[in-house]
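The values are calculated or read from the model by the stated rules, or taken from the named source; none is laboratory data. Quick caveat: nothing in here was measured; it's all calculated off a predicted structure. Note that we place each Cβ from the backbone using ideal geometry, even for glycine, and neighbour counts take in every protein chain shown. Keep in mind that these areas ignore ligands, DNA and RNA; they rest on the heavy atoms of the full protein, side chains included. Shrake-Rupley method; radii C 1.70, N 1.55, O 1.52, S 1.80 Å.
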Amino acid sequence: MAPTYNIAMVSDFFFPQPGGVESHIYQLSTKLMDRGHKVIIITHAYEGRTGVRYLTNGLKVYHVPFLVIYRSATFPTVFSFFPIFRNIVLRERIDIVHGHASLSSLCHESILHARTMGLRTVFTDHSLFGFADAASILTNKLLKFTLSDVDHVICVSHTCKENTVLRASLDPLMVSVIPNAVVAENFKPISNPTETASHSFGHNPPPARQLGPHDTITIVVISRLFYNKGTDLLTAAIPRILENHPNTRFIIAGSGPKAIDLEQMIEQNVLQDRVEMLGPVRHEEVRDVMVRGHIYLHPSLTEAFGTVIVEAASCGLYVVCTQVGGIPEVLPSHMTVFAKPEEDDLVAATGKAIAALRANKVRTELFHEQVKTMYSWTNVAIRTERVYNGISGAISEADFYGYDAANAASWSATRGRSGVQSFALIDRLKRYYGCGIWAGKLFCLCVIVDYLIFLILELLFPREKIDMCPDWPRKVVDESNDRKDGMR
Amino acid sequence: MLTTAPHLYIRRPSPTTAEFTVTTCPPLTLPLRLALLALSALRLSLAATVLFALYTRFITPPTPTTSPTSTKHHHPPFPPQTYTSSPLSPTAYLTPTHLTSLLHALAASAPGQHLARLTAPLPPWLLSALSGALLYFALLWRLHTTESLLVLRGLGIQTATTAAGGALWGGGGLWGWVVGFGGPATRFIPTEKIRDVLINEAFKGFEVRYYLAVVVEGEEDVVVVFPRLLPGRRIVETVWRGVRGCLYEAPPEGYGYDGQWKRG
């Protein structure tokens, strides 16, 4: 019988706001619940979404009332979240606090408080950051602060892991890579469904989609239109691509500050009949937009994982993307054409993709099945569960970190039993003190204040006065399924 | 000592009626009754003292000896026959003149003089404000919060709140204090208006609290039962089950939440 945990996912970013982090948290929580764990989500209040809510699958969401400052991130007030966080953690009997997204101050604060309260913490990083500009330096410092005393870190790609290890000066052994996944059923290509039903019987691949030399090729772009998503690159490339290739057209979905640039480009080049702007689409409509196209173009300048290109490939689209961040790790080479993040190369790569499709060299109709075997949320949940087992000591240090690590002399001195970080205040202070000449002392001060607040809260709101939440009946895990999924 | 944590009393006069009362008042034992009685007496005497202080300051002249009439005639300001007449009828003591003379005598006594000396340095506005606050506390302050929910099958439910603190806000006013728990703020919701009775959670201060709520048809907000005390989950669940059992029909055995969730 595998141990089960009570897990709190904490992030500023959650539904109703759409996005990659949001759906990651939701999918992971759902699959962890399927595996017999109890999961709650703590986020801040959104307009029209306040208080304590249940989603339809029994997932409980606490929308804590907090001030939102920028792109739905809350104002960082180091200690103000503590009383309510403690109350939630105690009433839900949480063992593991799992924070998401490095721009979420709610997540950082809760990791700090959770360690003060003696809980295991995990942090998942979803994004890449630079090292040069002022905002990045500040975020990195903040990240270093929180991650000085975290039990484990999960990154969505190896590039992201590299980035996070450097930014937060972490021991690479305590960082795992667990990629995102897609719900392949929601991203089926347009081919008729009866075909797939008989498919398991005869093992026939679906018939190839033949493209004539004069058929129109549709290129789809779905992205928020921000600078970091490469919208400027797109604006520059579209007229050139359309000029070089007759019988092609663009469908662009998404909204953002750069939408106006795109519209100007369309006006200037009189491309109204060849470029269609759809505006914002909901996540469940993304598939319907994708299946209208043949090529998915992803011009992003930085991307930790790029779930959307997996979704596009699952819909049977040939993917043209910039070779940045974690993108090269995501899809096998026969599904993608890579470009450098510059205008000429992007135009050339798109040209190559169009030529390959016209020559019918690419079996896009096979992509869906391939993606389905590569990515599943169940698999993500199993791997995340292993991290939980590792940090709570359910599997041994040697198993979790590898045999070399268990014996290495360089292994962090503040680690205690089976690679589990000690909760003693003095050990925690040691870890924070190494963060920098001034920062280290400042961080230590914060931790001490946090600890004092914890003691005061124990006096003001004693534990036994807090009402315990009843648990929903937990699902029972089928161990045989487990092995099958884990081996994938 | 005089108040406790909120606890629940259930009264079931008939199978179709139930009253759930949540109160901070502990069970009325004899020592508690005596203590409450003593407290009432204390509060009444405090009120009387304040009124008397106001009287000496604002209504009577500081010393009766300065009055020209009393120096000239050398007799008290009330008629002499009160002394001479044989046993007085009880009402005679309550005549305004007699009461006034009594007050004068009190003011001239040592405690009265002391009180006058105490209040003399205070400016009039401060004195009035102080005595107003004291009077309010002594007469209108309520010690216990009591909230109740009365359920009548086929008719509806009625919520009632008698809050601790200023009785003027809690409803009932002076009369409420005199009677005890009379005159609470009530609200009746007829059965056909009740959509549902449910338990929910909400953020309150630095906590997440359970509360019992009635969803009323045609109203945007739910009606929170026991809004002042917000008792804990144990009480709220008992009341919820009781209300549903009384208002509709008792659920089949082994269904729903009973310490542990069961699948029906």
ask   = Translational D (Stokes-Einstein, µm²/s) of the range A:297-351 at 4 °C and 1.567 mPa s when Rh comes from the Kirkwood sum over C-alpha pairs?
value = 119 µm²/s
inquiry  = Can I get the semi-axes of the range A:73-137's equivalent ellipsoid? Compute them from the C-alpha gyration tensor as square roots of 5 times the eigenvalues, in angstrom, largest first.
reply    = 25, 13, 9
note = When every protein chain stays in place and a 1.4 Å probe is rolled, B:Arg244, B:Arg195, A:Arg292 sorted by accessible area with the largest first are B:Arg195, A:Arg292, B:Arg244
note = Sorted by chain and then number, the residues having a modelled amide H within less than 5 Å of the amide H of B:Val225, at least 5 places away or on another chain, are B:Leu212, B:Ala213, B:Val214
message = Give me the inter-chain shielding for A:453-465: mean count of other chain Cβ atoms within 10 Å, whole number please.
response = 1
remark   = Note, B:Thr21: beta-carbon cut-off 15 Å, +1 each Lys/Arg, -1 each Asp/Glu, net +1
message = Are there any trypsin sites (Lys or Arg not before Pro) in the range A:329-361 that are in a DSSP loop and have at most 15 other Cβ atoms within 10 Å? List them by number.
response = A:Lys361
remark   = Sorted by chain and number, the residues with a modelled amide H under 5 Å from that of B:Gly156, at a separation of 5 or more or across chains, are B:Thr191
message = At 1.4 Å probe size, what's the solvent-accessible area of A:Ile295? Round to the nearest 10 Å².
response = 0 Å²
request  = Only Cα pairs under 8 Å and at least 6 apart count here; give the relative contact order of chain A as a rounded whole percent.
outcome  = 16 percent
key: Excluding exposed DSSP-loop GluC sites (Glu not before Pro) (at most 14 other C-beta within 10 Å), longest clean stretch of chain A   = A:48-341
query = Any idea how far the Cα center of the range B:107-163 sits from the one of the range A:1-63, in Å?
reply = 49 Å
Total formal charge among the other residues, if their Cβ is under 14 angstrom from that of A:Asp133, Lys/Arg +1 and Asp/Glu -1 = +2
query = What does the convex hull of the Cα atoms of chain A come to per residue, in Å³, rounded to a whole number?
reply = 165 Å³
ask   = Quick one: accessible area per residue over the range B:102-154, 1.4 Å probe, rounded to a whole number of Å²?
value = 54 Å²
query = Summing Lys, Arg as +1 and Asp, Glu as -1, what charge do residues with Cβ under 12 Å from the Cβ of B:Pro227 carry, B:Pro227 excluded?
reply = +2
Rounded to whole Hz, the Karplus (6.51, -1.76, 1.60) HN-Hα couplings of the range A:175-189, x for glycine and proline = 10, 9, 10, 10, x, 5, 9, 10, 8, 4, 5, 7, 10, 8, x
remark   = Residue-ordered couplings for the range A:143-154, obtained by feeding phi - 60° into the Karplus form 6.51 cos²θ - 1.76 cosθ + 1.60 and rounding to whole Hz (Gly and Pro as x), are 5, 4, 4, 5, 7, 4, 10, 10, 7, 7, 10, 10
